[in-house]
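Engineer: Could you have a look at this structure, given as structure tokens, before my questions?
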Amino acid sequence: MRLPSVHKETYMRKYELMTIYPTADDRFKAGTDAVRSVLAEFGATIEKEEPYGDRDLTYEVKKQNRGRFLLLTVKANPGKIVDIDRQFKLNNDLLKYLFVKLDEE
């Protein structure tokens, strides 16, 4: 889908963002605060948050065997996802994350 150049800066697409944090409460809070801050910095809005609780990880990630999962529904500018991704990689309190583009309804 090609967007007109006039609307590229204001166009917002809906994404699901699955995030995994360490299970320690202080690191979970620091990680979620950092994720919210980065999203807000790049103009994204969080529409919904669904906690999935603590779960065992299939393999060790950043020396962690368990993680606390949180699913976010986010509206963001598609051109800013790469910048958000770059900032998430610098966050040590975020073990893993995955953006999934949702179909437009």
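The values are calculated or read from the model by the stated rules, or taken from the named source; none is laboratory data. Bear in mind the structure is a predicted one, so any value in this text is a computation, not a measurement. So basically every Cβ, Gly included, is an ideal-geometry build from the backbone, and we count neighbours across all protein chains shown. Accessible surface is based on the protein model in full, side chains and every heavy atom, while ligands, DNA and RNA are left aside. Shrake-Rupley method; radii C 1.70, N 1.55, O 1.52, S 1.80 Å.
Engineer: Report the one residue of Ala44, Tyr15, Phe88 whose Cα lies farthest in the direction of the positive end of the charge dipole of the chain (charges on C-beta: Lys and Arg +1, Asp and Glu -1; origin at the Cα centre).
Structural biologist: Of the options given, the answer is Phe88.
Engineer: Next up: Can you work out the PRE-style zone for Glu49? Point 7 Å along Cα to Cβ, and I want the residues of region 14-36 with backbone N under 15 Å.
Structural biologist: 17-22, 25-36
Engineer: Now for a separate question. Nearest 20 debye, what's the magnitude of the dipole of region 20-105 about its Cα centre given +1 on Lys and Arg Cβ and -1 on Asp and Glu Cβ?
Structural biologist: Its charge dipole is roughly 340 debye.
Engineer: Another one. List the residues, sorted by chain then number, that are 5 or more residues from Phe99 or on another chain and whose placed amide H is less than 5 Å from its amide H.
Structural biologist: none
Engineer: Sequence gap at least 6, Cα distance under 8 Å: using those rules, report the relative contact order of the chain to the nearest whole percent.
Structural biologist: Result for the chain is 45 percent.
Engineer: Which angle between 0 and 90 degrees, to the nearest 10, do you get for helix 25-41 versus the longest principal axis of the chain when only C-alpha atoms count?
Structural biologist: Taking the Cα atoms of the chain, the angle to 25-41 is about 10 degrees.
Engineer: Over the chain, average the accessible area per residue using a 1.4 Å probe and give it in Å², no decimals.
Structural biologist: 66
Engineer: Which residues among region 29-46 fall inside the zone where the amide N is under 19 Å from a point 7 Å beyond the Cα of Phe99, along Cα→Cβ?
Structural biologist: 32-46, by backbone N distance to the label point.
Engineer: Let me ask something else. Starting from region 24-105, pick out the chymotrypsin sites (Phe, Trp or Tyr not before Pro) whose DSSP state is loop and whose Cβ has at most 16 other Cβ atoms within 10 Å.
Structural biologist: Sites meeting the loop and neighbour criteria: Phe42.
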